[in-house]
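One structure is given here, and the rest of the page talks about it.
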Amino acid sequence: MWNSEPKRSVIRKILGAEAGSLIRLIAREFLTLVLIAFLIAVPFAYWGLNNWLESFAYRIDFDWSAVLVAGLLSISISALTISYHAWKVTRTDPVNSLRYE
């Protein structure tokens, strides 16, 4: 999916798309996948942590804020990484990108 992105972005750039719209388009695709992965992982994390905490003699309560912080951290890191790569793709010269295709 990422390998075809530079070519698609260059074609959109040639047709007049602005860099901001290209970055949003690329980032939205990947951040949607990260969000779906987070939503799938939350029930498994809850189940695993709950089972693990039950094995202790003194049980502590499960705090949802830790899961939310972990989710926000993963989404933030993904957003920064994806935005950097998307910005790099939009800054490439269209001629050099299409020359090798």
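Please determine, by comparing only the residues of the stretch 50-101 that are within 30 Å of Glu18 (Cα to Cα) and among the basic types (Lys, Arg), which one is farthest from the chain's Cα centre (by Cα).
The initial filter retains those residues of the stretch 50-101 that are within 30 Å of Glu18 (Cα to Cα), namely 72-101.
Next, only the ones that are among the basic types (Lys, Arg) stay: 88, 91, 99.
Details: Lys88: 16, Arg91: 20, Arg99: 29 Å.
So, considering only residues that are within 30 Å of Glu18 (Cα to Cα) and among the basic types (Lys, Arg), the one farthest from the chain's Cα centre (by Cα) is Arg99.
Answer with yes or no whether Tyr58 is aromatic (Phe, Trp, Tyr), at pLDDT 80 or above and exposed (fewer than 13 other Cβ atoms within 10 Å of the Cβ). Before you say what the answer is, go through the steps one by one.
Details: aromatic (Phe, Trp, Tyr): yes; at pLDDT 80 or above: yes; exposed (fewer than 13 other Cβ atoms within 10 Å of the Cβ): yes.
When the stated conditions are applied, Tyr58 passes them.
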request  = List every residue pair whose Cβ atoms sit under 7 Å apart, with the two residues 6 or more apart in sequence or on different chains, where the first one lies in the stretch 70-82 and is surrounded by 11 or more Cβ atoms within 10 Å (Cβ to Cβ) and the second, anywhere, is among the small types (Gly, Ala, Ser).
outcome  = Ala79/Ala27; Ile82/Ala27
inquiry  = Out of the residues in the stretch 3-49 meeting the condition of being under 17 Å from the mean Cα position of the chain (by Cα) and among the β-branched types (Val, Ile, Thr), tell me which one is surrounded by the most Cβ atoms within 10 Å (Cβ to Cβ).
reply    = Ile26
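The values are calculated or read from the model by the stated rules, or taken from the named source; none is laboratory data. The structure presented is a predicted model; accordingly, all values stated were derived computationally and were not measured. Quick reminder, even Gly has a Cβ in these numbers, built from the backbone with ideal geometry, and neighbours come from all protein chains shown.
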